[in-house]
Structure formats: structure tokens, C-alpha cells
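The values are calculated or read from the model by the stated rules, or taken from the named source; none is laboratory data. The shown structure was predicted, so the numbers you read here are calculated from the model rather than taken from an experiment. Glycine also receives a Cβ, built like all others from the backbone with ideal geometry; neighbour counts cover every protein chain displayed. SASA here: full protein model, heavy atoms, side chains in, ligands and nucleic acids out. Shrake-Rupley method; radii C 1.70, N 1.55, O 1.52, S 1.80 Å.
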Amino acid sequence: MTDLTPQPGIMEIALYVGGEAKIAGRDEALKLSANENPFGAGDAARAAFAAASRELHRYPSTDHAGLRAAIGEVHGIDPARVICGVGSDEVLQFVTQAYAGPGDEVILTRHGFSLYPILARAAGATPVSVDERERVVDVDAILSAVTDRTRVVFLTNPGNPTGTVLPPDEVVRLAEGLAGRAILVHDGAYSEFAGDGFDGGLGLADAFPHVVATRTFSKIYGLGGLRIGWGYASRAIVDVLNRLRQPFNLSTAQLAAAEAAVRDQAWVEWCRAENAKMRTWLTGKVRALGLGCDDSYTNFLLVRFADEAAALAADAALREDGILVRRVAGYGFPQALRVTVGDEVGCHRVADSLARHLGAK
Ligand code: PMP
């Protein structure tokens, strides 16, 4: 019989568990569990997606020149240093696959994105987890975890599910400390929400040839369902990553929608302003209820309760009110819930539901 034992490391991968899409037994739910844009994609992206249906018989571009040019123009960066993938997930995968292998170590943080250890194991490498300090990435802890087997370091910035940010000078200190030792992946999936002074790692990738900045169309652009992301790095790294990329990894519809979306910065600005307004409002409401909540630099809040039982009770009460949020015990926060900042009506529903639940105790 054929030996079905896979390559070493694969059976140590814990399957990625996505958030629920619905509340069991209910047809309708206010979904605030996946950090999606409550307003969806902009009109320009939707129109481009619809128009792409006329080209479905044609193979898509293999070099993504149109999308990369648009990204280059909008962000003021060299399009030759941009690589596009099936979500930023795929770009993260290219980096891990290219630079880490059996016997190597990949550093990630305890509260970082749960895909990183999966990617490390899939490459045959060993994930090494480093604790944050007070929910903020600890640069010294990362630097002391580096060994001569470390090849890749993942930084989620702003963090998910913490919502916190590592200040730019600390990010530079991390990059400097890793120079000549490991690739630093600056995962900026939420960077558009961070506000002034944060460029999602693009300046960092310009300053350091060992930095890869990754970005996504899934969050502020409202295109999570289409799966498009990109990375920005030195030409040398991008050349390596492109060798791993399947020629037609992005479809005609993905490319068309993403290009229109990136050129429609008015939609991004509007969504950013709405998010900032409602984020401030909801943070105030949550704190007034006596719950823990750091300032968020993202489109979600990490709401901390007294203990795990209190978090589970609040989760149940929210579900009872038709609101689906994310439990984040798997990210090291059994006592917290991650709540996407929705539109005004959605934020009011969350605040009312939590107030009713806590007042009723
Ligand atoms: N990085 C972080 C920190 C995320 O939260 C996510 C989405 N869950 C991703 C990357 C991946 O995003 P996508 O593949 O949709 O671009």
C-alpha cells in the first residue's frame, strides 16, 4: 500500500479555524467577526468586477502590470517591486516558502496572525512564539529569540487581534536588529486604519532590503471575498517570490476590481473616516461599561472582560441579540472578544446589547 505519511511537519499543523459566518439557528446576523468593511466595496470596484465578466474566456495577465502600476502610482512606489497574490496570505506563503526550510526557525508573536505558524510548518520550519508586552509587540523579546537558524520574522502591525500598533521608531529598531540575520515581514493588513504617520511598512521596505511589507484588499477596500493582496520589497526579494508564483494566480475579475479599487481613493478615505468616527464612539461606550479596551489602530476593538466566563457570557448575549463577534481564545485572549467596528447602526446595536447584558447582571 502507498505510504500516506506526508512530509515532516505537516501533521503538526493545527488546521486554521476561520470565524463563523452565521449564528447557528438564525437566518440573519450582524456579522462583526471578520473585520470586513461594513460598507462593502466601492462602486468603481464593483463596476470593474461586473465588466470583467465580458472577458471570462481570456486568460488573465501573468505579470499583473496594470494592477502593479496602479498600486505604484497611488502609493508612490516602484511597481517593479510589487508582487500580487491571492490575498496577502499568498504573499506571506511565498516569503515563508522561499526563505525558511527544514531546520530553520520562524519567529512570530503570541497574539499574531494564526496563519504564520501554519506557513512555517508547511515549509518544514519551526515556529518560535514570542510574547507581547501589555498587548504590544516587544522588540527586545523578538531580538533575543533570534538564533542563527532564524530566517523569517513576522510582525503584524497594527496587530490583530490586539488592535495596537508598534511605534515607527520601534519598527525601525526591529528592522535594524534583524539586518543580516533574517527577513522581516511587516504585515500591514490593517494599516489603512492606523492614521497619519503609518505607511503600512512601505518606507521600511524602502529603507531595508530584508523587509517585505504586505498589504491587502480584504479590509478597507471591502474585497475580502475576492482574495487579493500584495507585497512590496527589494527587487531581489520580489524576483525570488515571483519564481514561486503560479503564472495565473489572480483572475481577470480580481485584477480588474483591485485596480479600480486602488484608483478609487475617495472611497478609501470615506471608509477610513467613518471607521475612525465609530471606533472612537464605540471605544468610549465599551470603556464606560467598565470593560478593557486599548486604543485601536484598526477596524476592530479587542474588548476585555474580567475573565473567560464573563467573555463567554457576553458572547452569548450578543448572539442572542443577533450579533456575531469573534472569540479570540486561540490568539491568547480567552477573556476577550474581538468586535469589528461596523456602521453607525451596527455600533449602536453592539453598545446597546452589551449595556443590556451587563446592566442585567
Ligand atoms: N494578516 C492579518 C494580520 C490578517 O488579519 C489577515 C486577515 N485575516 C491577513 C493577513 C490575510 O488577509 P488576506 O489574505 O485576506 O489579504
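Summary table
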quantity	calculated
Residue in the range 219-240 that is of a type in the set (A, V, I, L, M, F, W, C), touching a strand residue (DSSP E or B) at 6+ places or on another chain (Cβ under 6 Å), under 15 Å from H64 (Cα atoms) and open to solvent by less than 20 Å² (accessible area, probe 1.4 Å) present	yes
Flag for V212 being hydrophobic (A, V, I, L, M, F, W, C), touching a Gly at 6+ places or on another chain (Cβ under 6 Å) and under 30 Å from Y99 (Cβ atoms)	yes
Every residue from the range 247-260 that is assigned to a loop (DSSP other than H, G, I, E, B) and within 16 Å of the ligand (Cβ to nearest atom)	N249, L250, S251
Where a residue in the range 78-92 is touching a residue at least 60 places away in the same chain (Cβ under 8 Å) and its partner, wherever it lies, is near the ligand (Cβ under 7 Å from one of its atoms) and open to solvent by 40 Å² or more (accessible area, probe 1.4 Å), with Cβ under 7 Å and at least six apart	V86/R227; G87/R227
Lone unmet requirement of (1) part of a helix (DSSP H, G or I); (2) open to solvent by 40 Å² or more (accessible area, probe 1.4 Å) for L318	(2)
Given (1) open to solvent by 30 Å² or more (accessible area, probe 1.4 Å); (2) in a helix (DSSP H, G or I), number of the condition D295 does not satisfy	(2)
Residues satisfying the stated conditions in the range 80-122, i.e. within 12 Å of the ligand (Cβ to nearest atom), over 21 Å from V136 (Cα atoms) and not in a helix (DSSP H, G or I)	C84, G85, V86
Subset of the range 13-37 [open to solvent by 60 Å² or more (accessible area, probe 1.4 Å), under 25 Å from W267 (Cβ atoms) and in a loop (DSSP other than H, G, I, E, B)]	A21, E36
Selection status of F154, within 16 Å of the ligand (Cβ to nearest atom) and part of a loop (DSSP other than H, G, I, E, B)	no
Count - residues of the range 259-292 that are buried (at least 19 other Cβ atoms within 10 Å of the Cβ) and among the small types (G, A, S)	2
Members of the range 121-165 that are within 17 Å of the chain's Cα centre (by Cα), of a type in the set (A, V, I, L, M, F, W, C) and either buried (at least 22 other Cβ atoms within 10 Å of the Cβ) or not assigned by the TED database to the domain that holds T216 (or both)	V137, V153, F154, L155, V165
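Residue-wise test of (1) out of contact with any strand residue (DSSP E or B) (no Cβ under 8 Å at 6 or more places or on another chain); (2) of a type in the set (S, T, N, Q); (3) at pLDDT 95 or above.
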residue	(1), (2), (3)
F305	no, no, yes
A316	yes, no, yes
R319	yes, no, yes
G322	no, no, yes
R326	no, no, yes
G332	yes, no, no
Q335	no, yes, yes
V339	no, no, yes
G342	no, no, yes
